[in-house]
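Q: Can you keep this structure in mind? I'll have questions shortly.
The values are calculated or read from the model by the stated rules, or taken from the named source; none is laboratory data. All values reported here derive from a predicted model rather than from experimental measurement. Cβ placement follows ideal geometry from the backbone for every residue including glycine, while neighbour counts extend to all protein chains displayed.
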Amino acid sequence: MPAQHPSLLKISLTLIATIFIGEGLIMLILPLLGPMSVTATALLDATLLAVIMIPVVILRVLNPAKESIAALKKAKFKAYAREDHMLSVLNTLALVKDNETGTHIIRTQKYVALLAYRLREMGQYLDCLDDEFIVRIIKVAPLHDLGKVGISDQLLNKLGQLTDSEREIINGHALIGESILAAANLNIDDDFMATAIHVAGAHHEKWDGSGYPRNLRGNEIPLAGRIMAVADVYDALVTERPYKKPWTHEQAVEEIIKNKGIAFDPIVTEAFVLEQDHFKEVLEQYRDN
């Protein structure tokens, strides 16, 4: 059983009772000490009350507070451990059907980090971009294409042009990934799961509403999805795929800028432009062999 700590109400009542009792004792003690000036009486009153109160504060406030803080730290550590275990399992599942390499995961995580920190430095989306959100989005970035586990290898690896029906099937991976995460119902932080769901389900939405799976528009798209969209598209453009040769960094930057306010959040695009040199450094450092 977890340790039961006194409630704030009980602590308050204890302190109030101690003050009343202490003052009562002091009123009995002071006459026994003989005549004193007003100042001396006040100082002695305060000193005696402090002597009475300090042990009570230590026993009833400080010690329980220390125990509560230790319990919270332990619970937080367990929550992080569960998150990391869940990520490990889901990342393994995603890689089973993902055409991309491990370096793709590293790159996209670093791109997401660059964008998130730059946005905060710009003073944008500060209501979302606290340290915990940034840690979460970096952690869950590898799950953006988790839904590909529900798409056949033959279709994912097709070299030729996709038919409309085939494209529709592949586009379904966003909802599949979102559904897998929602159905997992794992005993971890709700905000963590919400961020993972937004990354998987919203990274193909477009700012003008022409994306999928829900045709969300503008700020209707979760911020995690808008950040992931730029990171994922950049990496898709500059790396080789079964159906295309890699674009140059400069071509990819031009394409993303061209789609500012169309496919991509204009503010996230501005962050990307400011971070483009760092994107290139990440690409060069973690380029596929």
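Q: Need a quick list: helices (runs of 4 or more DSSP H) entirely within region 137-193 having at least 2 residues that are among the polar types (S, T, N, Q).
A: Details: elements: 153-156, 164-171, 173-184.
Hits in region 137-193: 164-171.
Q: Here is a further query. How many residues are among the charged types (D, E, K, R) and in contact (Cβ under 8 Å) with a residue 40 or more places away in the chain if we restrict to region 106-134? Full working, then the answer.
A: Filtering region 106-134 down to residues among the charged types (D, E, K, R) leaves 107, 110, 118, 120-121, 127, 130-132.
Checking which are in contact (Cβ under 8 Å) with a residue 40 or more places away in the chain leaves us with 107, 110, 118, 132.
Looking only at that region, the number is 4.
Q: A follow-up question, please. Going by what's in this entry, would Arg226 be described as at pLDDT below 95, surrounded by 17 or more Cβ atoms within 10 Å (Cβ to Cβ) and within 23 Å of the chain's Cα centre (by Cα)?
A: For Arg226, the condition - at pLDDT below 95, surrounded by 17 or more Cβ atoms within 10 Å (Cβ to Cβ) and within 23 Å of the chain's Cα centre (by Cα) - is not met.
Q: Please report, ordered by residue number, the helices (runs of 4 or more DSSP H) entirely within region 6-124 with at least 1 residues that are at pLDDT below 65 and of a type outside the set (Gly, Ala, Ser).
A: Working: elements: 8-29, 38-57, 63-97, 102-121.
Answer list for region 6-124: 8-29, 63-97.
Yes/no per residue for (1) within 18 Å of Gln109 (Cβ to Cβ); (2) surrounded by fewer than 15 Cβ atoms within 10 Å (Cβ to Cβ):
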site	(1), (2)
Asp153	no, yes
Leu156	no, no
Thr163	no, yes
Ala183	no, yes
Ala202	yes, no
Pro213	no, no
Gly218	no, yes
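Q: Restricting attention to region 258-274, does a residue exist that is small (Gly, Ala, Ser), over 26 Å from Arg136 (Cβ atoms), assigned by TED's automatic domain parsing to the domain that holds Ala194 and out of contact with any strand residue (DSSP E or B) (no Cβ under 6 Å at 6 or more places or on another chain)?
A: Of region 258-274, the ones small (Gly, Ala, Ser) are 261, 263, 271.
If we keep only those that are over 26 Å from Arg136 (Cβ atoms) too, we end up with 261.
Now restrict to residues that are assigned by TED's automatic domain parsing to the domain that holds Ala194: 261.
Narrowing the set further to residues that are out of contact with any strand residue (DSSP E or B) (no Cβ under 6 Å at 6 or more places or on another chain) leaves 261.
Within region 258-274, one or more residues are small (Gly, Ala, Ser), over 26 Å from Arg136 (Cβ atoms), assigned by TED's automatic domain parsing to the domain that holds Ala194 and out of contact with any strand residue (DSSP E or B) (no Cβ under 6 Å at 6 or more places or on another chain).
Q: Does region 238-250 include one or more residues that are touching a residue at least 24 places away in the same chain (Cβ under 8 Å) and in a helix (DSSP H, G or I)?
A: Initial filter on region 238-250 (touching a residue at least 24 places away in the same chain (Cβ under 8 Å)): 238-243, 249.
Applying the additional criterion that residues be in a helix (DSSP H, G or I) yields 238, 249.
Within region 238-250 (the criterion being touching a residue at least 24 places away in the same chain (Cβ under 8 Å) and in a helix (DSSP H, G or I)), the answer is yes, since at least one residue qualifies.
Q: Now, a different point. Suppose the filter is surrounded by 19 or more Cβ atoms within 10 Å (Cβ to Cβ), modelled with pLDDT of 90 or more, closer than 28 Å to Gln285 by Cα and touching a helix residue (DSSP H, G or I) at 6+ places or on another chain (Cβ under 7 Å); does Ala174 pass it?
A: Numbers: surrounded by 19 or more Cβ atoms within 10 Å (Cβ to Cβ): yes; modelled with pLDDT of 90 or more: yes; closer than 28 Å to Gln285 by Cα: no; touching a helix residue (DSSP H, G or I) at 6+ places or on another chain (Cβ under 7 Å): yes.
So Ala174 fails the test.
Q: Yes or no: Gln251 polar (S, T, N, Q) and either loosely packed, with under 13 Cβ neighbours inside 10 Å or more than 25 Å from Tyr125 (Cβ to Cβ) (or both)? It would help to see each step written out before you state the result.
A: Details: polar (S, T, N, Q): yes; either loosely packed, with under 13 Cβ neighbours inside 10 Å or more than 25 Å from Tyr125 (Cβ to Cβ) (or both): yes.
Spelling it out, Gln251 is indeed polar (S, T, N, Q) and either loosely packed, with under 13 Cβ neighbours inside 10 Å or more than 25 Å from Tyr125 (Cβ to Cβ) (or both).
Q: Residues of region 251-272 being hydrophobic (A, V, I, L, M, F, W, C) and in a helix (DSSP H, G or I), which ones? Quick ask: steps written out before the conclusion?
A: So the first thing to find is which residues in region 251-272 are hydrophobic (A, V, I, L, M, F, W, C), and the list is 252-253, 256-257, 262-264, 267-268, 271-272.
Listed by number, the residues that qualify are Ala252, Val253, Ile256, Ile257, Ile267, Val268, Ala271, Phe272.
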